[in-house]
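Nothing in this text is a laboratory measurement; each read-out follows from the coordinates by a stated rule. The structure presented is a predicted model; accordingly, all values stated were derived computationally and were not measured.
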Amino acid sequence: MGNELYQNLGKLFYAMAMADHSVHMNEMEKFNEVVREQWLEVDDIEDEFGADAALQIITVFDGLLEYEKDPEEIYEEFEAFYTEHELLFTPKIKNLAMSTSRAITASFYGSNKSELILLGRLQLLFDR
């Protein structure tokens, strides 16, 4: 289940970065930096290749970006996963997901309206 959690976090962060329908280099750099500096330390779960499962966040994000998937649809997939597996989202995971989302959206001239709306939706989801 750890791999699925990280894959869905990749979806969340993609949706955040693509909320304005484009991903800027600053957002990519901040995203990669935060994942490598903060998410790799969350647990010791490994994927089937023996790599840190948190790297699934980057793999999924990159794949979605390559195919330019609809950010609203991808966010809804994350939301459905969260609803089904809410127990996986400890307070630590929620806080880190929120801070990562904020870092991504603020990395390119601050957060715009579409990014702020998505951040608000995420906060409401986590608070219910």
*What list of ³J(HN,Hα) values in whole Hz, one per residue of segment 26-32 in order, does the Karplus curve 6.51 cos²θ - 1.76 cosθ + 1.60 (θ = phi - 60°) give from phi, with Gly and Pro shown as x?*
4, 5, 5, 4, 5, 4, 4
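With a cut-off of 8 Å between alpha carbons and a minimum separation of six or more residues, what is the relative contact order of the chain in percent? Before the final figure, lay out each step's value.
On the way: 123 pairs, mean separation 52.4, N = 128.
Across the chain, relative contact order equals 41 percent.
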*Measure of size requested: the Rg and Dmax of the chain, with Cα atoms as the atom set and Å as the unit; please supply both.*
13.3, 40
*asked:* Using alpha carbons only, how many angstrom separate the centre of segment 75-119 from the centre of segment 24-43?
replied: 14 Å
*segment 59-72 - phi-based ³J(HN,Hα) in whole Hz, Karplus 6.51/-1.76/1.60, Gly and Pro as x*: 4, 5, 4, 4, x, 5, 5, 4, 9, 6, 5, 5, x, 5
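When only C-alpha pairs under 8 Å and at least 6 residues apart count, what is the relative contact order of segment 2-57, in percent? The partial results should precede the final answer.
Numbers: 40 pairs, mean separation 29.9, N = 56.
Reported as a whole number, the value is 53 percent.
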_Please enumerate, by chain and number, the lysines with C-alpha under 19 Å from the C-alpha of K94, excluding those fewer than 8 residues away in the same chain._
K11, K30
*Taking amide H positions as placed in the peptide plane 1.01 Å from N, state which residues far from E46 in sequence (5 or more) or on other chains have amide H under 5 Å from it.*
A53
